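Report on the following structure.
The values are calculated or read from the model by the stated rules, or taken from the named source; none is laboratory data. Quick caveat, the model's predicted, so the values are computed rather than measured. So basically every Cβ, Gly included, is an ideal-geometry build from the backbone, and we count neighbours across all protein chains shown.
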Amino acid sequence: MTKIAVWCRHTQDNVIGIGPHIPWKISSDFKRFRRITENKSLIAGEKTYESFPNRTLPNRKIYVLTFNPKYKVSDEQNHFVISDIEEFRDMEEELYIAGGASIYKAFMGGGEGLIPDVVVDSMYKGDLNANLKGKKVDITPCINILKEKYICVSPEYEEDSIITTVWVKKGDFVDQAVIKHIFKAIENNGEK
Ligand SMILES: NC(=O)c1ccc[n+]([C@@H]2O[C@H](COP(=O)([O-])OP(=O)(O)OC[C@H]3O[C@@H](n4cnc5c(N)ncnc54)[C@H](OP(=O)(O)O)[C@@H]3O)[C@@H](O)[C@H]2O)c1
C-alpha cells in the first residue's frame, strides 16, 4: 500500500530538529501536518513520539518504531510498538512516515516496499530558533534521494515562509485518491 513521507526541513541545511525540538514555531506548519495525517496511520521514531504533547496525536493510529519491544505507549488502543522495520514492507495500509531523521533515512534508503511512494516536502525559509540547545538533526541523505529518484507533481504552495511541494517516486503508480487527499489537505489553508 501507499507510503507517504511528510516532513518540514530548513532550507539549505535540511535541518528538521535541534535536540528534541522542531526549531521553528509556525502554526500553519502544524495545521498542514494535521490535515494531511488526521484519521490516518502514522509511523514515528521513539524520540519523535516522545516529543508529541502527552505522547499522542489525536485521531491518529501511531506505530512507534523502537528497538525496545517492551516500550510502553501512552494509548494502547491506538498506538503500537514495532521493533522491526521490515514489518512495514508488505503492510497493506496507507502509512504516513512522520520522522524523525533516523526514520526518514531508514525508509528513504530502504528500497522496494519501504521507500515512500510519495514525499510531501515542506521547506522553511526563515531563521532557526537560536535559543534551542542540542544537536542539529538533518535529513540531507533523504533530500539527495528525493532529487534523484522522485519527480515533483505539484506547484509550489507557499504559506508563512514555508514552501510545500509533492513528489512521486519515478516509475511508481500512485493511488490517485491519496494524491487528491494530500493536495486538498495542503490547499485547505483558509482553516483557522
Ligand atoms: N521537522 C520535521 O518535519 C520533523 C518531524 C519529526 C521529527 N522531527 C525532529 O527530528 C528529531 C528526532 O529525530 P531522531 O532521528 O533523533 O529520532 P527519531 O527518528 O524520532 O527516533 C529515533 C529512535 O527510533 C528508534 N529507531 C530508529 N530506527 C529504528 C529501526 N530501524 N528499527 C526500530 N527502531 C528504530 C530508536 O528508538 P530506541 O532508542 O527506543 O530503540 C531510535 O532511538 C527531533 O529534533 C524532532 O523534533 C522533525
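Scanning segment 41-60 for residues that are buried (at least 19 other Cβ atoms within 10 Å of the Cβ) and not polar (S, T, N, Q) yields a total of 7.
Hey, does segment 170-186 have a residue that's within 21 Å of residue 16 (Cα to Cα) and acidic (Asp, Glu)? No, that holds for no residue. Whether any residue in segment 157-170 is touching a helix residue (DSSP H, G or I) at 6+ places or on another chain (Cβ under 7 Å) and within 13 Å of the ligand (Cβ to nearest atom) is what I want to check. Yes, segment 157-170 has at least one match. Among the residues of segment 140-192, the one identified as loosely packed, with under 14 Cβ neighbours inside 10 Å and of a type in the set (Phe, Trp, Tyr) is 173. Quick one: is residue 150 within 13 Å of the ligand (Cβ to nearest atom) and among the hydroxyl-bearing types (Ser, Thr, Tyr)? Against the criterion (within 13 Å of the ligand (Cβ to nearest atom) and among the hydroxyl-bearing types (Ser, Thr, Tyr)), residue 150 does not qualify. Entry remark, segment 157-181: residues being under 23 Å from residue 93 (Cβ atoms) and in a strand (DSSP E or B) number 4 in total. Does residue 9 satisfy being without any contact (Cβ under 8 Å) to a residue 24 or more places away in the chain and closer than 19 Å to residue 186 by Cα? Spelling it out, it is not the case that residue 9 is without any contact (Cβ under 8 Å) to a residue 24 or more places away in the chain and closer than 19 Å to residue 186 by Cα. Could you please let me know if residue 151 is more than 20 Å from residue 24 (Cα to Cα) and either hydroxyl-bearing (Ser, Thr, Tyr) or over 17 Å from the mean Cα position of the chain (by Cα) (or both)? Against the criterion (more than 20 Å from residue 24 (Cα to Cα) and either hydroxyl-bearing (Ser, Thr, Tyr) or over 17 Å from the mean Cα position of the chain (by Cα) (or both)), residue 151 qualifies. Kindly check whether there is at least one residue in segment 13-29 that is within 13 Å of the ligand (Cβ to nearest atom), assigned to a helix (DSSP H, G or I) and modelled with pLDDT of 95 or more. So far as segment 13-29 goes, yes, one or more of its residues are within 13 Å of the ligand (Cβ to nearest atom), assigned to a helix (DSSP H, G or I) and modelled with pLDDT of 95 or more. Just one residue in the set 186, 162, 179 is hydrophobic (A, V, I, L, M, F, W, C) and farther than 19 Å from residue 9 by Cβ; that residue is 179. Scanning segment 33-55 for residues that are of a type in the set (A, V, I, L, M, F, W, C) and out of contact with any Lys or Arg (no Cβ under 6 Å at 6 or more places or on another chain) gives 33, 36, 43, 44, 52.
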